[in-house]
Amino acid sequence: MTRVKICGLMEEQHVKAASQADAIGFVFAPSKRRVSVERAQELSRLANNDMQRIGVFVNASYEEIDEAVKTVPLTMVQLHGDEPDELIRRIDVPVIQAFSIRSPDDVEKLNNSIADYILVDAPGTDYRGGSGHVFDWSLLENVNLDHSRLILAGGLNKDNVQAAISQTTPFMVDVSSGVETAGRKDEVKIQQFILQAKGDSMERTQEKTIDPVGFFGRYGGQFVPETLMKAVKELEAAYEDAKNDDEFQKEYHHYLKEYVGREQPLTFAARMTEAWGGPKIYLKREDLNHTGAHKVNNAIGQALLAQRMGKRKIVAETGAGQHGVATATICALFDLDCVVFMGEEDIKRQQLNVFRMKLLGARVESVTKGSGTLKDAVNEALRYWVTNVEDTHYLIGSALGPHPFPTMVRDFQSVIGKETKRQILEKEGRLPDAIVACVGGGSNAIGMFHPFVEDASVRLIGAEAAGAGVDTDRHAATLTKGSEGVLHGAMMKILQDDAGQVQEAHSISAGLDYPGIGPEHAHLADNGRVTYEAITDDEALASVIEMSRLEGIIPALETAHAIAEAKKQAQSMTADEVLVICVSGRGDKDMATYAEKLEGLS
Amino acid sequence: MKRLAELKQAGHKAFVAYIMAGDGGIEKLGEQIQYLQERGVTAIEVGIPFSDPVADGPTIEAAGNRALDKGITLEKVLDEMQRFDFEVKVPLVIMTYLNPVIRFGAERFTQEAKKAGASGVIIPDLPFEHRQLIEPFAKQQELVLIQLVTLTTIESRLEEILKQAEGFVYAVTVTGITGTRDDLAEEVGAFTRKVRELSPVPVYAGFGISKESHVNMLRDDVDGFIVGSAIVQAFHEDRIEDLEPLIDAVTIPHSV
Ligand SMILES: Cc1ncc(COP(=O)(O)O)c(C=O)c1O
């Protein structure tokens, strides 16, 4: 994992903005970024304990350097002059020696340095502490160089840092002017730079917390009949492979852009902000995706993976029909065979989507068992998969099911949270204070939350369906009322009776009408990182009207649960705070329900 | 369970009957077990109803739903078994999905199952990889955790699973869910032969077995047959006598 150094810091807020970096640098040489030792000491106090504090010097004396090391104190020293080896040897802390690179000959010099690390930069023009000019990284390719001691500097910014890292695989990247605006450090640029440089690796460190493979704490696993084990294991291997394949990622993002229409805006909701009188409200617009909800992000990813595995037949389950429509759509696009299982009850309340699926060429199978809703549709899809496993991929629609589904669906949906993070930094220069998303199985919520899980300052709130109320027996509030259990291939939280029979869920919203919650959410609920609140049918319906009239956006019934919860959250927030709502989908599919329930609306 | 190995050594085929506990009422459980053991079956799987039986076809699912409608639970079945006032002469194996066991408590489940006279447990949604959830407790009670292998089980896993197999191995003869079938796939014979070669314990074919033609097809490649849906349906329709020829076809020695 490449480390990040933010150099030339002079002000408190910039040190704070660099809190996710690995190192901060203070310039003690003559420069417009020069600070005194005392100032560096003050600033250094604001940084985390494990942050490297690096002092930058040009031809300073040993005494000068030593005093700074002891006073600030510095954990590393970076030398940009013509310091002799004797001086380097005397310094107590690790030393970085800087070199300007013009030609292949200069690269040779690097290997002769006795310093612990070597920093490469473009030739300086204004002062010797770094020029801000980009040098030709290709000079570092194909030469004999120990990249584990390489620090890359010179003209890096958020747009080129990824390329620089993949081309030179350095120990650390060092940035100064690339995170400045008009000669002064810029908090937003600092955070964006760190995000770009570490984005992927930050995810990787988070993944390490899943141990053993396929578990989130005690939840997850592969609890499937033996017949499916081969398919599940193959999928696990294929996904692992695809995830690390740039071509696959490129193709996935190509379709997100060209077909789904990403990236989706993070819309400032001025009238909701005003009406609620609390924080600034932003809406992440998954409703603008082709097919009308976030589900398509996942459908594309999995359909590409299925083809990579040589499978051209797809089975899926659907509740609200959004996932069914997304799957049928992608199957039309890629010419895949598609069968969708849907509960009889849901077929009734989501007729429009049933017709859309049929129009798109999918076979829709009505499930009459149980409550005729999503749980029963998953059962039938699993049975179909068991029977047709050799040539069929089960394209599950939420962050549920046996490993690797919960991880894979989360990864495909994480585009929501990644875009949001970038956008809010651009618009507000900081992370939001709270984010609300609705949870059915949990895919839009986990996709939104996942990139923020490590950002402790961001409160994450999931809104589940309370149906007629959590104290009645007609709700789908799995995290409020559920307990640990195994359903549909994973250990998760489910609504069940004392004998371990899974109970039927109830919600006006077909997409939240599910008696389980994906394993990662179950884990995040247990460890308290995410809080989950339950919203009733009536509260959701009220939010449909409110949002439609305030913002001209008619939300899906599922989404309306997030709106209602956000409104509650807003009551205790202030005008200088920021609240983001994940608008998981639009309300077209729910128009029949709205017409019926909101009859007499004026 | 030792008896199963002896039966194999003697060259006899086993007939394992699956019943849905509490289908028709909990009082039927004892009656059905008595009937089957008198009729000469080798062992009986006592199925526990579950709300979401994804490995099962419509017949067993419907039977499970009938039992659930009568309020049957894992606990009630184990209690009933502990109250049997007749001699149980054949090994009883509890077949249940994992969730009722987790809810009941894995340790408590194995203790009560032992008291109920069970010799083994089959959990179709507990793969070999996760057996630690149950196996240590089962071992304490000397219950065997029966493993399933299927047509899709890859070679390396098959060897792993069979190395540790106890009691008998459940060789699933269809790529699919339980339920009666007209025909079995051609490759099933080769599959069960391979399993039998590698297995230290008897190998029984199950899923889809419902006719004498299935038995004849596989007779030489397995040590026994497990019949579920056909028995469950016959009990439900009160015509279990119809199954007698099938039981005989398996258990009466053939002179070949
Ligand atoms: C618009 C919309 N939002 C949310 C959901 C809930 O699913 P998840 O929790 O997986 O995001 C659905 C499911 O159908 C949906 O259609």
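The values are calculated or read from the model by the stated rules, or taken from the named source; none is laboratory data. This one's a predicted model, so the numbers in the text were calculated from it and none came from an experiment. Quick reminder, even Gly has a Cβ in these numbers, built from the backbone with ideal geometry, and neighbours come from all protein chains shown.
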Inset, instruction - Please determine, by comparing only the residues of the range A:380-398 that are in contact with a strand residue (DSSP E or B) (Cβ under 9 Å, 6 or more places away or on another chain) and aliphatic (A, V, I, L, M), which one is nearest to the ligand (Cβ to nearest atom). - result: A:Ile396
Inset, instruction - Could you list all residues from the range A:70-119 that are basic (Lys, Arg) and either without any contact (Cβ under 8 Å) to a residue 24 or more places away in the chain or assigned to a loop (DSSP other than H, G, I, E, B) (or both)? - result: A:Lys70, A:Arg102, A:Lys109
Inset, instruction - Please find, within the range A:195-225, the residue that is surrounded by the fewest Cβ atoms within 10 Å (Cβ to Cβ) out of those that are more than 14 Å from chain B (Cβ to nearest Cβ) and modelled with pLDDT of 90 or more. - result: A:Gly217
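Conditions (1) farther than 22 Å from A:Cys582 by Cβ; (2) touching a residue at least 60 places away in the same chain (Cβ under 8 Å); (3) acidic (Asp, Glu), marked per residue:
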| position | (1), (2), (3) |
| --- | --- |
| A:Lys250 | yes, no, no |
| A:Val260 | no, no, no |
| A:Arg271 | no, yes, no |
| A:Lys280 | no, yes, no |
| A:His290 | no, no, no |
| A:Leu305 | yes, yes, no |
Legend entry - Output for the range A:447-467, where each listed residue is touching a strand residue (DSSP E or B) at 6+ places or on another chain (Cβ under 7 Å) and touching a residue at least 60 places away in the same chain (Cβ under 8 Å): A:Met448, A:Phe449, A:Arg459, A:Leu460, A:Ile461, A:Gly462, A:Ala463, A:Glu464, A:Ala465, A:Ala466, A:Gly467
Legend entry - Near pairs, Cβ below 8 angstrom, 6+ apart or cross-chain, from the range A:535-556 (within 18 Å of A:Ala468 (Cα to Cα) and within 14 Å of chain B (Cβ to nearest Cβ)) to any residue that is within 15 Å of the ligand (Cβ to nearest atom) and at pLDDT below 95: none
Legend entry - Whichever residue in the range A:58-114 is closer than 30 Å to A:Glu141 by Cα and among the small types (Gly, Ala, Ser) and, among such residues, is surrounded by the fewest Cβ atoms within 10 Å (Cβ to Cβ): A:Ser103
Legend entry - Residue list for the range A:350-379, filter: surrounded by fewer than 22 Cβ atoms within 10 Å (Cβ to Cβ), touching a residue at least 40 places away in the same chain (Cβ under 8 Å) and in a helix (DSSP H, G or I): A:Gln351, A:Leu352
Inset, instruction - Give the range B:114-150 a look and list any residue that's more than 9 Å from every other protein chain (Cβ to nearest Cβ) and among the acidic types (Asp, Glu), or say none. - result: B:Glu135, B:Glu142
Inset, instruction - Residues being within 12 Å of the ligand (Cβ to nearest atom) and at positive phi: count how many of those fall in the range A:280-332. - result: 3
Inset, instruction - Answer with yes or no whether A:Ala463 is near the ligand (Cβ under 9 Å from one of its atoms) and of a type outside the set (Lys, Arg). - result: no
Legend entry - Pick from the range A:512-534, criterion closer than 19 Å to A:Thr407 by Cα, away from every other protein chain (no Cβ under 14 Å) and within 12 Å of the ligand (Cβ to nearest atom), ranking: farthest from the chain's Cα centre (by Cα): A:Ile517
Inset, instruction - Scan (1) within 14 Å of chain B (Cβ to nearest Cβ); (2) surrounded by 24 or more Cβ atoms within 10 Å (Cβ to Cβ); (3) not charged (D, E, K, R) for the single condition A:Ser509 breaks and write down its number. - result: (1)
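Matching residues to (1) within 12 Å of chain B (Cβ to nearest Cβ); (2) of a type outside the set (D, E, K, R):
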residue	(1), (2)
A:Gln322	no, yes
A:Asp337	no, no
A:Lys358	no, no
A:Asn379	yes, yes
A:Ser398	no, yes
A:Pro402	yes, yes
Legend entry - Listing of helices (runs of 4 or more DSSP H) fully contained in the range A:235-344 that carry 2 or more residues being at pLDDT 95 or above and among the hydroxyl-bearing types (Ser, Thr, Tyr): A:246-255, A:322-334
Inset, instruction - Answer yes or no: is there a residue in the range A:403-418 that is at pLDDT 95 or above, outside any loop (DSSP other than H, G, I, E, B) and away from the ligand (no atom under 16 Å from the Cβ). - result: yes
Inset, instruction - Please state which of the following conditions A:Leu479 fails to meet, knowing it meets all the rest: (1) modelled with pLDDT of 95 or more; (2) closer than 16 Å to A:Tyr219 by Cβ. - result: (1)
Inset, instruction - Filter the range A:325-340 down to residues that are surrounded by 24 or more Cβ atoms within 10 Å (Cβ to Cβ) and among the aliphatic types (A, V, I, L, M), then give me how many there are. - result: 5
Inset, instruction - Assess whether A:Arg474 counts as being away from the ligand (no atom under 14 Å from the Cβ), more than 14 Å from every other protein chain (Cβ to nearest Cβ) and assigned to a helix (DSSP H, G or I). - result: no
Inset, instruction - Inspect all residues belonging to the range A:433-446 and state whether any of them is in contact (Cβ under 8 Å) with a residue 40 or more places away in the chain and away from the ligand (no atom under 16 Å from the Cβ). - result: yes
Legend entry - Counted residues, the range B:158-174 - those being of a type in the set (D, E, K, R) and crowded, with 18+ Cβ neighbours inside 10 Å: 0
